[in-house]
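Take a look at this one; I'll ask things after.
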């Protein structure tokens, strides 16, 4: 595996935002399917659903259910079309790496659990690059020896 995308990268692919052009350009530059895991897919889907819930409570927050549904449908279409490939993961290996990363970096830098799990997953899968637009994950991935893109 060359690159591991986090949810912020997928969000930029599936919802127009300030970094969408960068994400689309990077995606176009790679050959074959973009590797993903069930963890990143879960967090992306959960985030889209949560944003729709937020928007339902306060129209100034999140985004509508129709947009969330469109994002999820596009994601599913890309999985079925082979643009995304779900990679098998040894979750006990991920947890072991996550514990190590957490012990080394969380008290100093304040990393969230999912952020640590994504970086640990990238390491477990042998990724060389970590695809993110999240500043904290960027820092953790670099500390763990990964090249951060796009």
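Every number in this text was worked out from the coordinates using simple rules, so none of it is lab data. All figures in this text were calculated on a predicted structure; none of them were measured in a lab.
Could you check which residue among 102, 47, 77 shows the biggest mean-square fluctuation in a GNM of the chain with a 10 Å Cα cutoff?
Among 102, 47, 77, the largest mean-square fluctuation in the Gaussian network model of the chain belongs to 77.
Let me ask you something else. Quote to one decimal, in nm, the extra length available between residue 25 and residue 143 on full extension: 0.36 nm per residue of separation minus the C-alpha distance between them.
Numbers: separation 118, 0.36 × 118 = 42.48 nm, distance 2.54 nm.
Here the answer is 39.9 nm.
Can I ask one more? Give me the extension gain from residue 53 to residue 65: residue separation times 0.36 nm, minus the current Cα-Cα distance, reported in nm with one decimal.
Using 0.36 nm per residue and subtracting the Cα-Cα distance, I get 3.6 nm.
Now a separate question. Take the chain, connect every pair of alpha-carbon atoms lying under 10 Å apart with a spring to form a Gaussian network, then pick out the residue of 109, 19, 138 with the largest mean-square fluctuation.
The residue with the greatest mean-square fluctuation here is 109.
Let me know the volume per residue of the alpha-carbon convex hull for the stretch 1-72, in Å³.
83 Å³
Would you list the P(r) distribution for the chain, with all Cα-Cα distances sorted into 5 Å bins from 0 and each bin expressed as a whole %?
2, 10, 18, 22, 21, 14, 10, 4, 0
With everything on Cα atoms, drop me the angle between helix 20-29 and the longest principal axis of the chain, reported from 0 to 90° to the nearest 10.
60 degrees
Then there is this: Helix 113-124 against the longest principal axis of the chain: what's the angle in degrees, Cα atoms only, rounded to the nearest 10?
60 degrees
Also, quick follow-up: Ignoring everything except DSSP H segments at least 4 long, calculate the 222 nm mean residue ellipticity for the chain; use -39,500 (n - 2.57) per segment, divide by total residues, nearest 500.
Details: 7 runs with 94 residues, N = 150.
Estimated from H runs of four or more residues: -20000 deg cm²/dmol.
Could you tell me how many degrees, from 0 to 90 and to the nearest 10, lie between the Cα long axis of helix 65-80 and the main elongation axis, the longest principal axis, of the Cα atoms of the chain?
On a 0 to 90 degree scale, this one is about 60.
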